[in-house]
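> Can you read through this structure? Questions will come right after.
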Amino acid sequence: MSFRHPLHLLSGVAVLLLAATACTQDELTEGTRLPEGEYPLIINATGLQAVAPPASTRATVDGNWDGVTSVALSVGGTVKEYSVTTTDTEKKTATLSRENDPFWWMSREDITVSAWWPYATTMPDVVVKSDQRKQADFAASDFISAENQTVKFDNPTLEFSHRTARITVNLEKGNGITSVTGAEVYVTGLSTDGGNPASISTYASGNDTYEALAAPQTVKANTPFIEVDLNGSIFYFRPQSDVELTANSRYTYTVRVTANGLELVGCTIGGWTEGGGESGTAEDLGFTYNANTRTYLVYNENGLLAWNEAAQSDPSLNCTLTEYIDLAGKEWMPIGTSLNYTGTFDGGGYAIDNLSFNTTETIRGMFSTISSSGVVKNLTLTNVQIEGGSMTGGIAGWNYGTITDCKVSGNIKGITTVGGIVGFNFMGSIINCSFDGSVISDGGAAGGISGSHGKGTTGKGAIINCHSSGSIALTGEGSGESGVGGIVGINNSAGIIIACYSSSTVLCPDAYDVGGVVGNNDEEGVVIACYASGDVEGYQNAGGVIGSHEHDAQLIACYATGDVEGGFYGGGSTAGVVGRIYQAIVTACYWSGSETWGSGISYDDGETTKVNGNDVTWTDAVDGMNAAINEWNASHADQPCDWTYQTSDAGTPPTLSAK
């Protein structure tokens, strides 16, 4: 069949075009029925109003049909594709036609018609692009439709509208800012429903104006909504009330950038034109948020505190520092007090200064509890002032997870089980960490790295290549307090400590089980390739390396150079290496202090040797300790010691180096 009148649709400013051969109403037959195939459906398309000039694009978003090759038309559940041909030089009008098999009028009765773009056999969901910096990507994020509209025979018209919300940001320079040229602007805090992006990079349309198209949604009050990156600073606007991003509406924000932040001059809302309003002040939140990785990128104290607040209810949130942070005068709430921290905190090699709090609550540190999946790494804490209850540490009160490459300096005090890095490390790993400062416990179990440490039945967890300097002490009096060490106060439950050293003084004249490395090593605890150079003082069971060593514990290839003093039995439980040995093993250990004996009260033989510079030198000690390390490694491939001792000469105590 030859069709005389194919379907035509015109854009919003077009008039109805009828071909010269089109039938007029006078040619219609009697009644409402029409001859089949004689009267094509001809529709006037309206609704895509253009914005006030200058338009930012040449696309549907600004009432322009440029780039649109076809649309979908649906009548009675049938969808057909119609080609688009612009009809004027500005491409503001267009004819939508189908050469073969168009829709036809079958009667004079009203019909229901839907149309949409982009073309698809069903109306597509609105999913905008996350990167709209290019004009083509901004324009391609537009979705238009005319849905379920009544079309009359005498006035066949469809009114198209936008299915997206349009956000326009106009930047102005304020006090202290010479220019806003080169700014990067983002729309953030968006819903990811349906695969939409959480953040959109905007299109710079000129004259310091930035635009984005977003899916309809609600942006909650106080959510970071507009981000402006300018000259290395990042600023946010957070709306004071919920923002209802509705389809076919335009939201225009005029934002003034000042040296102190962003000042919101005005916000208007309308159907692709301005109207309504809101005002407020934007602020530097101190962070950006990556929804894909669920990571806060923090660059000042406000950002860190914002992450802290969010992580209290969602402890899986990650955090990465990108700048030095000073918390002086800020109140810190430990993370994981009710829910263990399961995320990753990456200090990025930066420091947090002046973290402080004072409480009697248990399990306290920068983090309260780090779960088995939690990670803290690459972090330095300086000038910490922490006072807590039982299980208090600089990084965490209790650690099940992994702490690597962290440094802490300052003062830490608790009721019991107190450490420079962790209060209680159980089935957790502490690797390549250091503490410099004072650790004080009122009731025992104090260590420069961890107050107490153990692997438990899972076999997980170790303290490896850690160092402490400063002082470790108890404030309690009498013999009821025990377990104080330069690295760990109490090591039990098969806890393993490898390649650690302490220069801390461990002076606790009224306590027992006091050691330069470990206070009490018990229940199959292992200490290998560790040494101490600080002085040690205890009432009972005081040793240069370990105070009390018992119950199938092992001490291998360790040494001490500090002086050791003790008061019990006239110093009988005081020794250069181990104060007391009971049902435990000591292999290839050395000392060079003033003590006569390498082990004090000893129920088992131990291999302790004094380096006197004549019969035994440090070169001899290095040979003996390295041989013991190799022997250990031959039978412990699951937990090897990957360090060896080295010394420059026979008279110099050795240091450790990784193999």
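> Going by accessible area, probe 1.4 Å, with all protein chains left in place, what is the ranking of ILE395, ILE585, ILE363, largest first?
The residues order as ILE585, ILE363, ILE395, largest area first.
> List, in order, the whole-Hz ³J(HN,Hα) value for each residue of region 410-423 obtained from phi through the Karplus relation with A = 6.51, B = -1.76, C = 1.60 and θ = phi - 60°; use x for Gly and Pro.
x, 10, 10, 9, x, 6, 6, 6, 10, x, x, 9, 9, x
> Let me ask something additional. Given H placed on each backbone N at 1.01 Å, which residues far from THR95 in sequence or on other chains put an amide H within less than 5 Å of it?
THR85, THR86, THR87
> I would also like to ask the following. In what order, largest first, do TYR186, TYR251 sit by accessible area if the probe radius is 1.4 Å?
Putting TYR186, TYR251 in descending order of accessible area: TYR186, TYR251.
> Distance between Cα centroids, region 572-633 to region 326-376: provide it in whole Å.
Between the Cα centre of region 572-633 and that of region 326-376, the gap is 39 Å.
> Could you calculate the FRET efficiency of ASP137 with ASP88 from 1/(1 + (r/R0)^6), where r is the beta carbon distance between them and R0 is 35 Å, rounded to 0.05?
Efficiency, rounded to the nearest 0.05: 0.85.
> Determine the distance separating the Cα centre of region 420-444 from the Cα centre of region 533-560; give it in Å without decimals.
Centre-to-centre distance over Cα atoms comes out at 18 Å.
> Per residue of region 543-550, in order, report the coupling 6.51 cos²θ - 1.76 cosθ + 1.60 (Karplus, θ = phi - 60°) as ³J(HN,Hα) in whole Hz, putting x for Gly and Pro.
Once θ is set to phi - 60°, the couplings for region 543-550 become x, x, 10, 10, x, 10, 10, 7 Hz.
> May I ask you to rank SER635, SER503 by accessible area, largest first, using a 1.4 Å probe over the protein chains only?
SER635, SER503
> Starting from the amide H of GLY598, placed 1.01 Å from N in the peptide plane, find each other amide H under 5 Å away whose residue is 5 or more places distant or on another chain.
Here the answer is GLY576, since their amide H atoms fall under 5 Å of that of GLY598.
> Another question, then. Under 5 Å between amide H atoms, partner at least 5 residues away or on a different chain: which partners does VAL526 have, H built in plane at 1.01 Å?
The answer is GLY495, ILE496, ILE497, GLN554.
> Residue by residue, what Karplus-based ³J(HN,Hα) values in Hz, rounded to whole numbers, does region 335-346 have, using 6.51, -1.76 and 1.60 with θ = phi - 60° and x for Gly and Pro?
7, x, 6, 10, 10, 4, 6, 10, x, 10, 10, 10
> Measure up LYS91/LYS129; LYS92/LYS152; LYS455/LYS610; LYS173/LYS377 against 29 Å on the Cα-Cα distance and list the ones that go over.
Where the Cα-Cα span goes over 29 Å, the pairs concerned are LYS455/LYS610; LYS173/LYS377.
The values are calculated or read from the model by the stated rules, or taken from the named source; none is laboratory data. Note that this is a predicted model, so its numbers are computed, not measured. Virtual Cβ from ideal backbone geometry, glycine too; neighbours counted across all protein chains shown. The protein model used for the area step is the full one, side chains on, heavy atoms only, and it has no ligands, DNA or RNA in it. Shrake-Rupley method; radii C 1.70, N 1.55, O 1.52, S 1.80 Å.
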